[in-house]
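Notes follow the structure.
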Amino acid sequence: MINKIADGVNVDNFYHERVASVYNMCPVYGYVPLVPASSHEENAGFKHFYDFICNADRHPGRPGSVQGDTFDTLSEEAQLQIVLKTRQEKVGASYTYMPTHLLQGELCMVLQTKTFESRKTTDGAIIVRENDNDSQQRIDTRKTKIHEIAFGPVGDVTVRTVTVWFDIPDKDLVECTAQQAKHHKRSRHRLNKKVKNKAKIDENNLTQIPPFDHYQPRDDATFELVTSILLFRLKTITLLRRGGYEPSVKQQIIHELETEMETIKIRFYNLLRHWFTWSWPDQVLQVVIDDDTDVPPVDGEYYCPVDGMGHFPRGAGDEFHGLGTNRGKFNIPMMTKYLPAFIWKSFLQNSQIMQDKPVKMVSWKQRV
């Protein structure tokens, strides 16, 4: 969080993102891809990613909500249209984190606020458009106000990702000045030393519509993959909800969706292979890493194991590690597995040469 910037100082908006990428090259930070246990479970990895992107753990039936495929009369179809329209500007992909509000006492930054109108046509289609304040609202429309909110810097996996919130009461989202945010952060920091498990935002009492975790990676290929998954989800639920198609038409639509799904899967697995290839293997330590583990010395030796095996299991809740630890489980060629080791070897050799060490004295051995 930025409180005061001295003259001549540049703010690194993506510091947290780069730190996270050292351990986990997946650009959807906070997410660790699933490694299938066998070839029979090759689709499990994609389903895991698909459910994560689509917020599959959001369920209707919370207190006060309408049962079925709607959340307080705003269907999932309408919500996805709103999220996709909000996504067009990529506001959540790049920003300088400066808290602007308190959401139920939690510091946050409102990236954008918009109002949408949704209505159902005579043929059952749901139309969503951004509300024009100069136009008169139709009787058959539902007006929805959304806030896209960040709870920390870009790529910070220790906080919640950028999230779209629906119809937040004004009393629960309070604007604050930079000075108030600075004072609040200091107070909470002192409190957290005494109370480890601080209170979270009570979503059930805040809004009848569950917030939507809105993943906006800066990597263009991954951003487009996430967008295509959300669009595919929208098409699928639209088909299932409307019905009334002629059998031949329905079969044609299903065939097109299946073809689209296979294309998305291929793109995902190609990117997954890239993420695994360029994730750095973990350092081999002799203890289980948890919240009480001491920080290793920065001048210790780093060995680059090809398979990422031989380490002790991680402690629960470690958000950083994932791909580097599991790269040995992924089915990639042996030469590909060696790539990080080659880069590390080259780095060591060049570091020795830059320190004026004679070339013939440079160590060409690298333990992998």
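Since every read-out is calculated from the coordinates, none of them should be taken as a lab result. Values in this document were obtained by computation on a predicted structure and should not be read as measured data. Note: ideal-geometry Cβ built from the backbone for every residue, glycine included; neighbour counts use all protein chains shown.
For Ser75, nonlocal amide neighbours, meaning residues 5 or more places apart or on other chains whose placed amide H falls under 5 Å from its own, do not occur.
Can you tell me the length gained on complete extension of the stretch Leu231 to Thr158, counting 0.36 nm per residue apart and subtracting the Cα distance?
In short, 23.4 nm is gained.
Label-to-label distance, Ser94 versus Thr73, with points set 7 angstrom from Cα along the beta-carbon direction: 4.1 nm. Computed extension gain for Asn204 through Lys250, at 0.36 nm per residue and net of the alpha carbon distance, reaches 12.8 nm. Counting neighbouring Cβ atoms within 10 Å and putting the fewest first, the residues Phe151, Phe276 line up as Phe151, Phe276.
Computed from the C-beta positions of Leu257 and Tyr338 and an R0 of 30 Å, the FRET efficiency is 0.15 to the nearest 0.05. Between Ile127 and Ser346, the simple label model (points 7 Å from Cα in the Cβ direction) yields a spacing of 5.6 nm. Residues whose amide H falls under 5 Å from that of Tyr97, counting only those 5 or more places apart or on a different chain, are Val154, with hydrogens built in the peptide plane.
Label-to-label distance for Tyr302 and Val288 is 2.7 nm, based on points extended 7 Å past Cα in the beta-carbon direction. Given the pairs Lys337/Lys357; Lys337/Lys360; Lys47/Lys235, which are separated by over 20 angstrom at their Cα positions? Over 20 Å Cα-Cα: Lys337/Lys357; Lys337/Lys360.
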